[in-house]
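A quick write-up on the structure given underneath.
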Amino acid sequence: MAAESNSKRDAIELCVALKKMPHVFSKIKNVWGYPEFFDTVDQMLFMEPGREGRAGFPEGVYKELDALERVYMKFPDEIMSPYLSALERERVKKIILEINTRLNFSTGDRR
């Protein structure tokens, strides 16, 4: 991602490599700030059975997707769409907690 923005929600607009893949950028931008963002990124990054021949993303795209996910996880209240209901906001926080638990468990850090 390029230079800092004043708003964490604008982080998606700083993605240079993603913008070079308009279909991917559009898909990510449509879910940015919503609970579906995390599933969409997972689906894009993990190999699905039967699609093993895919080339994958250039390194820059992978890094930007990872950076977006980290920013969202660190600043969920700033990233979440203002149109989310309280229930959807709680869902985002639950997803983030599950991801953090998975990451901590996989690195051996059982908190």
From VAL92, VAL31, grab the single residue that is on the phi < 0 side of the Ramachandran plot, open to solvent by less than 20 Å² (accessible area, probe 1.4 Å) and modelled with pLDDT of 95 or more. VAL92
Taking the conditions exactly as written (at pLDDT 95 or above and open to solvent by 100 Å² or more (accessible area, probe 1.4 Å)), does LYS74 satisfy them or not? yes
Flagged pairs (Cβ under 6 angstrom, 6 or more apart or on separate chains; first in the range 54-69, of a type outside the set (A, V, I, L, M, F, W, C); second buried (at least 17 other Cβ atoms within 10 Å of the Cβ)) are GLY60/ALA17; GLU64/MET1; GLU64/CYS15; GLU64/ALA17; GLU64/LEU18; GLU69/VAL41
Could you tell me whether ALA86 is open to solvent by 60 Å² or more (accessible area, probe 1.4 Å), at pLDDT below 95 and over 20 Å from LEU103 (Cβ atoms)? no
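The values are calculated or read from the model by the stated rules, or taken from the named source; none is laboratory data. Remember, it's a predicted structure, so these values are computed and weren't measured experimentally. Positions of Cβ are generated from backbone atoms using ideal geometry, with glycine treated the same way; all protein chains shown enter the neighbour counts. Side chains included, ligands, DNA and RNA excluded: accessible areas come from the protein's heavy atoms. Shrake-Rupley method; radii C 1.70, N 1.55, O 1.52, S 1.80 Å.
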